[in-house]
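Have a look at the structure below before the remarks.
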Amino acid sequence: MTGPHDAQEEYRRVSKEYELAADRLRSARSTQFIYWLIMLSGVALIALLAYSVAVGLWQEKPVLTRYVGLIALLILCISIGYLALKNRRRIVEFDLDVRNLGHDRQSAATRIPSESVESLRLYREASKDIMAGFRSRASRNLRTHNTVQAIIIIGSIVASTTTAAMAGAHPLSWISTVLTALVSVTAGLAAYFKFRERGYNLQSTADEIEKHYNATQFRLHEYSDFGDGREAERLRLFAQNVERLREEQRKRELQLEQSPGQKEER
């Protein structure tokens with residue numbers, strides 16, 4: 001019969017193995033992406049060299065260097081393709097390891113008494129992963145928002161400039177039309193997906209969870225009344241606040257997903 005301390009140690013051990021396996025899986029997927037990127041670039045260069053060889057034969061120009069480059073690229077693409085297929089098997093194995101360790105971690109967590117102080121401490125430490133996830137999503141949304149705004153600003157300036165420079169029946173006047181259409185589409189996507197609002201909400205939720213994390217650690221604000229003998233109550237209050245913040249974040253995300261017409265109906 002294992003005690004709470006043994007169950008907690010087992011959970012930590014399995015969690016460490018799970019994180020290492022997840023890191024291996026992410027590395028393998030990144031490597032796979034690089035392989036495919038190199039292969040696609042090689043295929044594009046092969047097509048260009050093959051066209052160059054064909055043109056060289058037609059015009060009776062020396063094509064020795066073109067043949068050498070074409071053969072080298074073919075060998076490179078075949079090698080990268082072999083590595084990509086080999087790495088694909090590793091991804092499947094790593095993914096299976098992550099799934100199995102995730103199941104083991106859940107099983108280890110169930111052996112920790114839910115009302116024990118250890119389980120509440122684990123929840124408090126797990127809230128750091130929640131904060132990191134929210135901040136990662138917030139940074140991604142804010143980067144997307146900044147990129148979209150840069151496209152809109154630069155595209156608008158370039159479109160207006162080309163329109164003025166190519167006034168009349170200029171053969172390249174279609175460029176300003178394409179730029180104007182690109183700016184309009186980008187602005188529409190930005191208004192629909194609301195990247196800035198999503199990023200702001202996620203960052204605000206992460207900051208609130210961090211505030212409660214620090215408050216429960218140093219007994220500040222509403223946690224100041226819980227002394228050493230009331231750690232379980234203090235951590236339970238922290239868990240309630242974190243769950244409340246996560247629920248509020250889910251509601252805000254649902255509101256952003258709804259169209260104005262749907263909001264009026266509700």
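Figure legend. Inter-residue proximity from segment 67-82: first residues in the same structural domain as Tyr51 (by TED's automatic domain parsing), second residues at pLDDT below 80 and assigned to a helix (DSSP H, G or I), beta-carbon distance below 6 Å, spacing 6+ or different chains. Indicated pairs: Gly69/Leu49; Leu70/Leu49; Leu73/Leu45; Leu73/Ile46.
Looking across Leu256, Leu245, Leu202, one residue alone is under 30 Å from Leu189 (Cα atoms), in a helix (DSSP H, G or I), assigned by TED's automatic domain parsing to the domain that holds Lys128 and modelled with pLDDT under 90. It is Leu256.
Can you tell which of Lys128, Lys194 is charged (D, E, K, R), at positive phi, at pLDDT 85 or above and under 22 Å from the mean Cα position of the chain (by Cα)? Walk me through it before giving the result.
Numbers: Lys128 fails: at positive phi.
Going through Lys128, Lys194 in turn, just one is charged (D, E, K, R), at positive phi, at pLDDT 85 or above and under 22 Å from the mean Cα position of the chain (by Cα): Lys194.
Sort through Val117, Val148 and tell me the only one that's modelled with pLDDT of 85 or more and assigned by TED's automatic domain parsing to the domain that holds Arg250. Show your work before the answer.
Working: Val117 fails: modelled with pLDDT of 85 or more.
From the options Val117, Val148, the qualifying one is Val148.
Among the numbered conditions (1) surrounded by 15 or more Cβ atoms within 10 Å (Cβ to Cβ); (2) modelled with pLDDT under 95; (3) within 30 Å of Arg230 (Cα to Cα), the only one that Leu182 does not meet is (3). Residue pairs whose Cβ atoms lie under 8 Å apart, sitting 6 or more positions apart in sequence or on different chains, and linking a residue in segment 190-205 that is under 20 Å from Val242 (Cβ atoms) to a partner that is crowded, with 16+ Cβ neighbours inside 10 Å and among the aromatic types (Phe, Trp, Tyr), are Leu202/Phe134; Gln203/Phe134; Thr205/Phe134.
The values are calculated or read from the model by the stated rules, or taken from the named source; none is laboratory data. Since the model is a prediction, treat every value here as computed from it, not as a measurement. All Cβ positions, glycine included, derive from the backbone under ideal geometry; neighbour counts span all protein chains shown.
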